[in-house]
Amino acid sequence: MKKVFVVGSLNMDLVIRTPIFPREGETVLGQDFFLNPGGKGANQAVASAKQGAPTYLLGATGNDLFGDQIKEGLTNYGVNSNLLKTKDVPTGVAMIVLHNGDNRIIVSPGANYEYRLEEAKDDLKTHSNPGDIVVLQLEIKREIVEELIPFAKKLGLFVIFNPAPMCSLLDFKVLKDVDLLIMNEWEAKALTKSEKDDLNTGAILEKLVTLGVKDVIITLGAKGGVFVHNGKIAYYDAFKSKVVDTTGAGDSFVGSLAAFLVNDESLQSAIKKASYVAAITVSRKGAQQAIPTKAEVSIYFQEIKEKHAR
Ligand code: RIB
């Protein structure tokens, strides 16, 4: 059975809900506070495992309570965390301010930035097989990701790259070894250095293809998204849901998409199902805890089918 390897970050998310964002120098009274495991890498691994794909997470936590809590959660969600490393610095933390379902996030990378290239290379070489999928983002050191992409390609892995959070220093050369690039509209604009405020997805996609990218998905939130597959552009719709918290929605899309693709589903079908996963994720509070299981996704599917049949 083919496997998904996610190489990336693990954070403890510290979330406060607030009716208003504070201005500079201002204190405001917020609402509830909650802690829950997050981090783009860990969220994507959880999304993949919850859809039933054998999933390994490669990355690092600190030797502290947050690290232990995150690892316990991963095991409960079915992610193989045996390859995670422990570092002598604090576990990564994300301060999240939630306002009207949307968020602003500041990450302190902690142990994520101590994760080393050789650790990732050794584990990928030892545990992966050609045809497996590797998924990378940019919450670990950019230089590691830039080295790992061609390395994974040489091992015969299918490379999914989600350049989030976008880094202007990213070396474009790596894009030619990416099989599937997944970004939101702002990341796409930043990556292609598009100057206009309005997003011209067609022009951006053209630019990406000239940079050597093969397949690309640009997610457009509630508007769905656009993708290039085998040189052809197509659009897809998002599924409507009541937005409670958008944290981790993009990660749920990327991780579940990897799980569907490793199961040999077509890109079109994987995108449709991953959109269901993201729609359910935004309707719930938190990151990993909000991502639906395979069973929950099939119930959702069924409900939508019945609604259309009526
Ligand atoms: O993409 C959402 C994630 O970004 C959060 O879980 C937070 O940890 C930050 O990494």
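Here the Karplus curve 6.51 cos²θ - 1.76 cosθ + 1.60, taken at θ = phi - 60°, turns the phi angles of the range 143-151 into couplings of 4, 5, 4, 4, 7, 6, 4, x, 5 Hz, with x standing for Gly and Pro.
Scanning residues 5 or more positions from V89 or on other chains, those with amide H under 5 Å from its amide H are N63, with H placed 1.01 Å from N in the peptide plane.
Our summary gives the range 144-236 a relative contact order of 23 percent, counting only alpha carbon pairs under 8 angstrom and 6 or more residues apart. Annotation: amide H of G101 has no partner in the under-5 Å range at sequence separation 5 or more or interchain, hydrogens built in the peptide plane.
When both bridge partners sit in the range 1-105, DSSP labels roughly 40% of those beta bridges antiparallel.
Residue order for R17, R310, R142, R23, fewest other beta carbons within 10 angstrom first, comes to R310, R23, R142, R17. T61: net charge of surrounding residues, Cβ under 12 Å, Lys/Arg +1, Asp/Glu -1, itself excluded? My count for the surroundings of T61 gives -2. If both residues of a DSSP beta bridge must be in the chain, then about 40% of such bridges are antiparallel. Each Lys or Arg adds one and each Asp or Glu subtracts one; over the other residues with Cβ under 11 Å from the Cβ of L84, this totals +1. One compactness figure for the chain is 0.95, namely its Cα radius of gyration divided by 2.2 N^0.38 Å. Rounded to 0.05, the FRET efficiency of the A234 and T18 pair, given R0 = 35 Å and the Cβ-Cβ distance, is 0.35.
The order of the peptides 230-243, 122-135 by mean Cβ neighbours within 10 Å, most packed first, is 122-135, 230-243. For the range 48-54, 3J(HN,Hα) computed residue by residue from phi via the Karplus equation (6.51, -1.76, 1.60; θ = phi - 60°) reads 5, 5, 5, 8, x, 7, x Hz, glycine and proline entered as x.
Relative protection proxy for 293-304, 95-106, 49-60, 71-82, from highest mean packing down: 49-60, 71-82, 95-106, 293-304 (other beta-carbon atoms within 10 angstrom).
The order of the peptides 62-68, 285-291, 253-259 by mean Cβ neighbours within 10 Å, most packed first, is 253-259, 285-291, 62-68.
For the range 192-310, the convex hull spanned by the alpha carbon atoms encloses 132 Å³ per residue.
Only the coordinates and a few stated rules stand behind these numbers; no lab work does. Owing to the predicted nature of the structure, the values given are computational and were not obtained by experimental measurement. With ideal geometry, Cβ positions are generated from the backbone for all residues, glycine too; neighbour counts draw on all protein chains shown.
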